[in-house]
1. Enumerate the amide H contacts of F238 below 5 Å, restricted to partners 5 or more residues apart or on another chain; note that Pro and chain-start residues carry no placed amide H.
2. Could you pull out the trypsin sites (Lys or Arg not before Pro) across the stretch 94-190 that fall in loop regions by DSSP (anything but H, G, I, E, B) with no more than 16 other Cβ atoms inside 10 Å?
3. Rounded to two decimals, what is Rg over Rh for the stretch 186-343 when you use alpha-carbon atoms and the Kirkwood radius?
4. Amide H to amide H under 5 Å from Y203: which residues, 5+ apart in sequence or cross-chain, H placed 1.01 Å off N in plane?
5. Any chance you could run the full-extension gain for R485 through L298? It's 0.36 nm times the residue separation minus the Cα-Cα distance, nm to one decimal.
6. In nanometres, what is the gap between the two model label sites at H187 and E421, each 7 Å from Cα along Cα-to-Cβ?
7. Given points 7 Å out from each Cα along the Cα-Cβ axis, report the H245 to E194 separation in nanometres with one decimal.
8. Tell me, which longest segment in the chain has none of the GluC sites (Glu not before Pro) that fall in DSSP loops with at most 16 further Cβ atoms within 10 Å?
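Each reported figure results from applying straightforward, stated rules to the coordinates on display, with no laboratory input. Quick caveat: nothing in here was measured; it's all calculated off a predicted structure. Heads up, the Cβs are rebuilt from the backbone with ideal geometry, glycines too, and the neighbour counts pull from every protein chain shown.
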Amino acid sequence: MTSARHPKVLFATSEAHPLIKTGGLADVSGALPSALHALGIDIKLLIPGYRAVLAKCRDMTPFATLANPFAPGEIHLMESRLPESGLPVLIVAYDAFYNRDGGPYQTGGGNDWPDNPQRFALLSYVAAWLGSRDNSSAWQPDIVHCNDWQTGLAPAYLRFWAGRKASSILTIHNLAYQGVFAADMVHALHLPPESFKLQGLEYYGHLSFLKAGLFYCDRITTVSPTYAREIQHETLGFGMQGLLHERRGVLSGIINGIDTQEWNPETDPHLAKAYSAQQLNDKALNKSALQHDIGLHLDAHAPLVAIVSRITYQKGSDTILGMMHDLVREGVQFVLLGSGDKELERAFRKLALNHPGRISINIGYDERLSHRIEAGADIFLMPSRFEPCGLNQMYSQRYGTPPVAHATGGLADTIVDATAENIASGRASGILFYDMHFHTAIAALRHAIHLYRHEPKVWRQLQIAGMAKDFSWQKSAQEYLQLYRSLNL
Ligand code: ADP
Ligand code: GLC
């Protein structure tokens, strides 16, 4: 490989904002490579040609053509650019796999696509092909940067193929999703049979795309330093703790940034009124507008607690339900935006029916409402059982809406707890709790409500400290750059 000072990088991902998004992976895949591109790095995004992606990228030009190893016909690699940042994007156009209605991973009805192993093996295969000597195009990456299980087979293919090849990095955004499929897929996906073992890509008798990536890549990163430590232990290792501990020498945590232009209360076009740390009183207008929009009583003094999140066990949604139940009688208002577990969705709706004007449940995905909630709420709630990084706690601090969160993963790394010492030093920006129990979680929320109601000076200090923090990608992009360089000396 070349020893370029600025390595060429292929950033392979299964979703990227603003082309296609189901969660934080898309935010990161849109923003991080764009930040690296702005630093002058020769980096391209690789993404499947889902229907939504093809519709949004109209100015595509042919980049390369290769045979599909898993199905008949050819794959057309098309090049385009992300609208705002101008980041080059390579689109894997293969209609039979990607150009269909429904989500990137699931049917409209919420079932996994049955051909997911082939669909994401193909994404991985194309990433590896670009990093291999078979790549006949004019652009050859030095590094293939993979993300989560969907691109986990790329480091494996790279390892098995002969000749000159790129180094590989796998970034873990969420260890809970591992891409586990039947053993016969090993043969179907052209993986060597001898790789199907403990020291390889075998996972309890199955093929795991994530394990393949973790085992065969050159470097592993995850999206916060605390999560990088947590996943080496049984509680949050999801069965991979042994391998991760073994590979700890090449494992590091780099905290995510956020898009500080899109999430800026001073310029946010979605808000009823823009505001800044100097004009925090204008936040009140956003609160009344939000209360009005979502059917809550217009009450300037009621603490308004917000949740924007997938409704799952990971996010502690069951704990949130219990907190709502207990606190709604104490004059607290709640707004929830999200979707997920159908049973919990029903339970939230039912509780809201019993407390009209006090609880607003919004099931679905709504970008605009998520901005208006960050601005209009008083307290942001994130009792996640685990949180590799989390983005909403950063958005909320930037919007002067202090978070109450479980001190895990990226939440622990981005929120400064309101201890007496941190308040005295002016650093406190939220409230953390350390044990994931219902009573500790609700005690933390009660503490926040108490500060909000009775200690307005301290509360304002938390708001201002959060708003002053730098959550931009600059610093993290530099850390990725250093990592890239360490692979190409
Ligand atoms: P995760 O990726 O685990 O779901 P993150 O906090 O990293 O959690 O990222 C979630 C992203 O998705 C954030 O940008 C958040 O604002 C957004 N989001 C989640 N649910 C919704 C929703 N229902 N409507 C709008 N945005 C949402
Ligand atoms: C995952 C994690 C979340 C993280 C995001 C982006 O979805 O659950 O904590 O912020 O990836 O890295």
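1. So F238 has HN proximity to no qualifying residue.
2. When the trypsin sites (Lys or Arg not before Pro) of the stretch 94-190 are filtered for loop state and at most 16 Cβ neighbours within 10 Å, R100, R133, R164 remain.
3. Details: Rg = 22.9 Å, Rh = 20.2 Å.
A ratio of 1.13.
4. Hits under the 5 Å cutoff: S208.
5. Computed gain between R485 and L298 is 61.9 nm.
6. Taking the simple label geometry, H187 and E421 are separated by 6.1 nm.
7. My value for the distance between the label points is 3.0 nm.
8. That would be 267-489.
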